[in-house]
Amino acid sequence: MTTMVLWTWLITILHVLVVVGVCASGEPVVSRIAFGSCANQSSPQPIWNGIIDFDPQVFIWLGDNIYGDVKRPFKLFGRERTIGPWKNVPRFVPASETEMQFKYKKAKSNAGYSLLRKKTQVIGTWDDHDYGLNDAGKEFSGKNISQRLLLDFLDEPHDSPRRKQAGVYASYMFGPKGKEIKVILLDTRYHRDPLFTDGSILGDSQWAWLKKELYGPRTEVTIIGSSIQVISNLSATTGPLFYMESWGRFPRERNRLFQLIAKSKRDGVFFISGDVHFGEIVRYDCATGYPLYDITSSGLTQAVENAIPRPLAFLVELVAWLTPTTMRVIEPRCRYRSCTYGQPNFGAIEVDWGAMPVTVKVEVRDVNGDSATSVNIPLSELQNEGTNHGSTVKSVELQKQCSLEIDLPWIVRYRLAFLFFFASAVFLLSVVIAPIILSRRVFGKCKFD
């Protein structure tokens, strides 16, 4: 009888440990991670309520945590022209250190974010606007001041190695053995060469660090956070109308990243990213021995549909649907046909450690915490099986999403530009020709002596 009681107590204790997510080592099991980017400190931020309801154990900032630089208004004419081929002043200029400190203080004191900080571990990296200047890279002179201000915002300890290194890259380990999650946060600003150069994004020191991290102790899940999109290269299909920053605009650097992951034989790797002011999930099947996913969440306040009048929001959805993409994951569960989401959003990751096999659910959620697009990924699919024992069936399946946007036929790649110029021509012709036809009809009926 005593033995039965002891077994009953032991089973009960083990059950409690599983429920509360604690192992013998004292490390809590992490199963919910939220992330986001692009939060204007001066805008309303109701989205924190949705994030808090998700109850994440970790929240990851992916950049543009504040909008620290100064944006001048659109001016086509006048002494200070900020747009057009004849512009004579930059649209964005750096703010002073005092202004940046004030903006960080405002962001940190937001009631919703303050509540999240009390119950959730917050980590993060930066993008351009909190780095100090739109689209800036290693040439930006104020980056060391910006680094200190960001790390203050993240409550980084004063003796942290991040305060002594060139750049804000970092890595974190969560969970007990057998249920470990590694988070690698990249710095895509401090060492980045200028756009259009196909140079480096990370710089030599960060590449050496990243190699050590990927070749280090194995974990069940490895999340690589990049402020800009890694897999998607929409600039290849939206140009020459407009361009977005991404790893795809540095093809040699992106190939180097894919090769490093492949050579490390690390399982369970996927990306999270921000920057673009919409959310989507993309996938590339031919970089490593298993599919690579990139879950983009952008932004917490800044979103493409918020940039135009609400009645015209359908135009954004139409453009998203018409823009050619070879990487986006199209699921029946998507809220919109394009499987992009252009309203304020955050990213959500749920790991079901009790499932067989273990499943990772990745989502883009709206301001209320409802799903806009999501994918369930069995962890068994993210296993680097190598060339010796990879099955033929699996290799055939991996050919589904292997075409890069840059490899699309030109008539498909520039479809959006063709449609835009055609619509503009029709509009201009209607503006010019319609009055002429109307005047002829009116004056043609008149007889003049």
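The table below gives the values:
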| quantity | calculated |
| --- | --- |
| Long-range amide H partners of V122 with built H, under 5 Å | F59 |
| Shape call, the stretch 139-290: gyration tensor on alpha carbons, a/c limit 1.5 | oblate |
| The chain: C-alpha gyration tensor shape, a/c 1.5 cut-off, then a/b vs b/c | prolate |
| Summed residue charge, Cβ within 12 Å of K87's Cβ, Lys/Arg positive, Asp/Glu negative | +4 |
| Segment N144-R163, length gained on full extension (0.36 nm per residue, minus Cα span) | 5.9 nm |
| Whole-Å distance, taken between Cα centres, linking the stretch 277-324 and the stretch 32-74 | 17 Å |
| Cβ crowding within 10 Å averaged over residues, with 285-292, 197-204 ranked highest first | 285-292, 197-204 |
| Dipole-positive endmost among A236, V168, G199 within the chain (Cβ charges, Cα centre) | A236 |
| Sum of side-chain charges, S338 neighbourhood, beta-carbon under 13 Å (Lys, Arg +1; Asp, Glu -1) | -1 |
| Sequence ranges 231-243, 352-364, ranked by mean other-Cβ count within 10 angstrom, highest first | 231-243, 352-364 |
| Label-point separation, W321 to N110 (7 Å along Cα→Cβ), nm | 3.1 nm |
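Taken together, the values in this text are just the output of simple stated rules run on the coordinates, not laboratory data. Quick caveat, the model's predicted, so the values are computed rather than measured. In this analysis, Cβ positions are derived from the backbone assuming ideal geometry, glycine residues included, and neighbour counts consider all displayed protein chains.
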